[in-house]
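Nothing in this text is a laboratory measurement; each read-out follows from the coordinates by a stated rule. Nothing here was measured: the structure is a model prediction, and the numbers come from that model. A quick note on method: Cβ atoms are made from the backbone with ideal geometry, for glycine too, and the neighbour counts reach across all protein chains shown.
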Amino acid sequence: MRKIKGFLKMIFTPITIMLVPHSRTKPVSIRVPFAGIVFSTVSFFVGVVYLFTVAVHTVEYYQMEERLSYVTGQFLELESTMVSLKQAEQDFRKLFSLKSKTDVLESAEFLDTGSLDMESLRAQIDEATKSVTDIKQYIVEQKDLYLATPKGWPVPGYISSKYGYRNHPKSGRRQLHTGTDISTHLGTKVQATADGIVTYAGKTRLSGNVLVIEHGHGFSTAYAHNKENLAKVGQRVKRGEAIGLAGSTGRSTGPHVHYEIWKGGRHVNPSKYLARR
């Protein structure tokens, strides 16, 4: 009991704090209980600790906000890339009639925390994007080759003389026939069998009105004995476009088109190209 009374007496014992100014003003004395000084000191340190804790949490908050902003940006970028890949996939499915490919998503790894491994996903997307670019480039090249490759018949009719050695219908001598003769009605429209540029449109003594088209990729075609050439030198033509009218000009036995295909500077048999209707 005495100890308690002694303790209470001590904490409530006033302490005099004297403030002595440097001027001539009289000193000021403040009487404060010992308990008040202890309470003020403890409150000061508690406040300092609290402010330090708040400062640390504030820094962590801004770091987390910055990280969240970065991750959000990454996901938006990935989402945009995935949309582009899906659009490209739809285009390829139309071209090739293939089933949907989901290798990118199926091979993406997940951490034990359940979070998406973004680096792994990005690597998969980069690889898929490169594949899409390669496929697009391949399609462009193949399309150019397709448009440059002769296909189909220049006129409707029937083959009156095939490619190869034959007895010439007028001279009777055996010689190489470098094209295919297609008999048709006089004035029938002669159509280009591939896209290209007209490099010759004129008249010769033996072949009559002749028209030659350069298609690229080593292909060129010639159309002879025309009644009239409709296309001009330097003109760009498309497959199926009318370039002349069938006739019997030059050394000919009747209305037909002498059709030749050249590849790599040498004439080839047009038969396999005629079959590509």
Flagged links, alpha-carbon separation over 21 Å, of 151/189; 189/263; 162/232; 203/227; 162/203; 151/227: 189/263; 162/232; 162/203; 151/227
For each of 195, 181, count neighbouring Cβ atoms within 10 Å of the residue's Cβ, then give the residues from fewest to most. 195, 181
Pair residue 271, residue 64: separation of 7 Å Cα→Cβ label points (nm): 8.0
Along principal axes, largest first, the alpha-carbon spread of the stretch 158-274 in whole Å comes out as 39, 29, 24
If I stretch the segment between residue 147 and residue 75 completely, what's the gain in nm (0.36 nm per residue apart, minus their alpha carbon distance), one decimal? 21.8 nm
State the answer as a single residue: which of 271, 259, 248 lies farthest towards the positive end of the charge dipole of the stretch 207-277, with beta carbon charges of +1 for Lys and Arg and -1 for Asp and Glu, about the Cα centre. 271
When 228, 66 are arranged by how many other beta-carbons sit within 10 Å of their Cβ, fewest first, they go 66, 228
